[in-house]
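Taking it in order: structure first as structure tokens, then the write-up.
The values are calculated or read from the model by the stated rules, or taken from the named source; none is laboratory data. Because the structure is predicted, anything quoted here is derived from the model rather than measured. Note that each Cβ is placed from the backbone with ideal geometry, even for glycine, and that neighbours are counted across all protein chains shown.
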Amino acid sequence: MTITRVQTITLVSVSALLLGCSEPEPPAPELSFEESLQLQLIEAQPGDVIEIPAGTHELTRSLSLTVPGVTIRGAGMDQSILSFANQAQGAEGLLVTADDFVIEDLAIEDTIGDALKVNESTNVTIRNVRTEWTNGPDSGNGAYGIYPVQSTNVLIDGSVAIGASDAGIYVGQSSQIVVRNSRAEYNVAGIEIENSTYADVYDNVATNNTGGVLVFDLPNLEVQGGQSTRVFNNEIYENNTDNFAPPGNIVGNVPPGTGLLVLANDNIEVFGNNFADNKSVNIMVYSFVLGGRTIDDPNYDPYPEQIYIHDNSYSGGGTEPGHALLKKWHAETGENSTDIVWGGLIKEGGTVENLICLGDNPTQTFMNLGGTGEVADVSYDTSDHACTLPRLGAIELDMPGDD
């Protein structure tokens, strides 16, 4: 039978009537904060700003961002809190693998692993961010608080890191770095620059860590040749917390009471800092192989060179030397560590000239451990170190957020 126009209209009308009598679709279930945030991170577009409202927001899984040009912004590091106290999945709190990334004005607390990891990124701004393990120093805490690695153009500004079982503020295998106006407390390492080049670390406070500031270059890493770091105008004091790094961690070797350690790095300038009451030593510079440690990386240079330390202030400290060779010396002499301690090892064929410079007229107390810590090998003579080195230039980051 052929359907006429009238019949067609009638059928449509009946269909419409039947649809009108059907049950309404139930509303979609409301997303949790965690689901909504991860969805925003997945669906983000370059230029987006993801707002984190004030409050403590409980999260159970890692968050991740892969989209460039995104800003994550809270209402303040003590107001917008991402809490991972009940985290059940994931290796970190937030993992970012994207360029032109900004995170600011929020806190990340109690993650199973690292709090904020940024990997292989260019133009990274971390401003007014707090990472913290609220139970205090504990080997079960995550390793790193603020953790950019293999990145370029990194700004960490006005941030706080507390309770990391490795380093609170860590920048590794990276280049063009500024860490400023920040505070690191109750971490094993407060602030650490590792296997990196061209870094400025200034106007920070490092206190109550095992070691306040570390500038390391280590073997068997993809990026080596750490150099050209300035550490200046920092407050580095009372870093006397017992070392709580998990067994096997390299920073587990850092003695409690360490102000600044420079390990196997070149072209380092340390000036304008206030060192106070770091019970092991205020500043120590040494080779990776000091004390008999061996290396199996033929490309690695374990010796520090061209270290310029000048115009710092020192008070107290050195009362409980912790490095093995310092302890040996202290046991025989009963004396406190000097302001600056050098391990004393020089690469084969090298000379002491311009290896460590303390200014034209050194006034700091200084000790060369002679590579052994034996009293007979130790020297306090600064004549070989009465020199200056060319001043390193300021790091200028050509990116938004560095004003």
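Considering region 200-225 alone, what residues qualify as being at pLDDT below 95 and either assigned to a strand (DSSP E or B) or surrounded by 20 or more Cβ atoms within 10 Å (Cβ to Cβ) (or both)? Hits for region 200-225: nothing passes. For the structure I just gave you, tell me whether SER337 is within 25 Å of the chain's Cα centre (by Cα) and among the hydroxyl-bearing types (Ser, Thr, Tyr). Against the criterion (within 25 Å of the chain's Cα centre (by Cα) and among the hydroxyl-bearing types (Ser, Thr, Tyr)), SER337 does not qualify. Mind telling me which of the residues LEU116, LEU82, LEU63, LEU106 ends up being assigned to a strand (DSSP E or B), within 24 Å of VAL251 (Cα to Cα) and modelled with pLDDT of 95 or more? It is LEU116. Screening the candidates LYS347, LYS328 for the property of being modelled with pLDDT under 95 and assigned to a loop (DSSP other than H, G, I, E, B) yields one hit, LYS347. Taking the criterion of being farther than 26 Å from GLY316 by Cα, of a type in the set (Ser, Thr, Tyr) and in contact (Cβ under 8 Å) with a residue 40 or more places away in the chain, the residues of region 187-242 that qualify are TYR198, SER228. The residue of region 322-342 that is surrounded by the most Cβ atoms within 10 Å (Cβ to Cβ), among those that are within 24 Å of CYS357 (Cα to Cα) and polar (S, T, N, Q), is SER337. Quick check, is GLU30 assigned to a helix (DSSP H, G or I), under 30 Å from ALA98 (Cβ atoms) and modelled with pLDDT under 95? No, not satisfied.
Any residue at all in region 366-378 that's closer than 17 Å to PRO302 by Cα and among the small types (Gly, Ala, Ser)? Within region 366-378 (the criterion being closer than 17 Å to PRO302 by Cα and among the small types (Gly, Ala, Ser)), the answer is yes, since at least one residue qualifies. Within region 78-131, being of a type in the set (Asp, Glu) and either surrounded by fewer than 19 Cβ atoms within 10 Å (Cβ to Cβ) or farther than 18 Å from ARG180 by Cα (or both) holds for ASP78, GLU92, ASP99, ASP100, GLU109, ASP110, ASP114, GLU120.
The set of residues from region 234-250 being over 22 Å from PHE271 (Cα atoms) and among the hydroxyl-bearing types (Ser, Thr, Tyr) comprises just one member, THR241. For region 89-102, a residue qualifies if it is in a strand (DSSP E or B), among the aliphatic types (A, V, I, L, M) and closer than 17 Å to ILE42 by Cβ, and the qualifying residues are LEU94, LEU95, VAL96.
One residue alone among GLY318, GLY322 is on the phi > 0 side of the Ramachandran plot and either in contact with a Gly (Cβ under 8 Å, 6 or more places away or on another chain) or in contact (Cβ under 8 Å) with a residue 12 or more places away in the chain (or both), and that residue is GLY318. For THR125, state whether it is assigned to a loop (DSSP other than H, G, I, E, B) and among the polar types (S, T, N, Q). Judged against the criteria, THR125 is not a match. A single entry from LEU59, LEU82, LEU106, LEU65 fulfils the requirement of being under 15 Å from ILE146 (Cα atoms) and out of contact with any Lys or Arg (no Cβ under 9 Å at 6 or more places or on another chain): LEU82. In region 90-107, the residues that are small (Gly, Ala, Ser) reach residues that are assigned to a strand (DSSP E or B) with C-beta atoms within less than 6 angstrom, at least six apart or across chains, in these pairs: GLY90/ARG61; GLY90/SER62; GLY93/ILE108; GLY93/ALA115; ALA98/LEU65; ALA107/ILE81; ALA107/ARG130.
For region 365-381, give me each residue that is outside any helix (DSSP H, G or I) and either loosely packed, with under 14 Cβ neighbours inside 10 Å or under 33 Å from the mean Cα position of the chain (by Cα) (or both).
THR365, PHE366, MET367, ASN368, LEU369, GLY370, GLY371, THR372, GLY373, GLU374, TYR380, ASP381 - these are the residues of region 365-381 that are outside any helix (DSSP H, G or I) and either loosely packed, with under 14 Cβ neighbours inside 10 Å or under 33 Å from the mean Cα position of the chain (by Cα) (or both).
Considering only residues of region 152-172 that are in contact with a Gly (Cβ under 9 Å, 6 or more places away or on another chain) and assigned to a loop (DSSP other than H, G, I, E, B), which is surrounded by the most Cβ atoms within 10 Å (Cβ to Cβ)?
ALA164
Just to be sure, is ILE146 part of a strand (DSSP E or B), in contact (Cβ under 8 Å) with a residue 60 or more places away in the chain and closer than 16 Å to VAL102 by Cα? No; evaluated as a whole, the condition is false for this residue. Listed by first and then second residue, the pairs with beta-carbon distance under 7 Å, at least 6 apart or on different chains, first residue in region 281-297 and within 18 Å of GLY344 (Cβ to Cβ), second acidic (Asp, Glu), are ASN282/ASP339; ILE283/ASP339.
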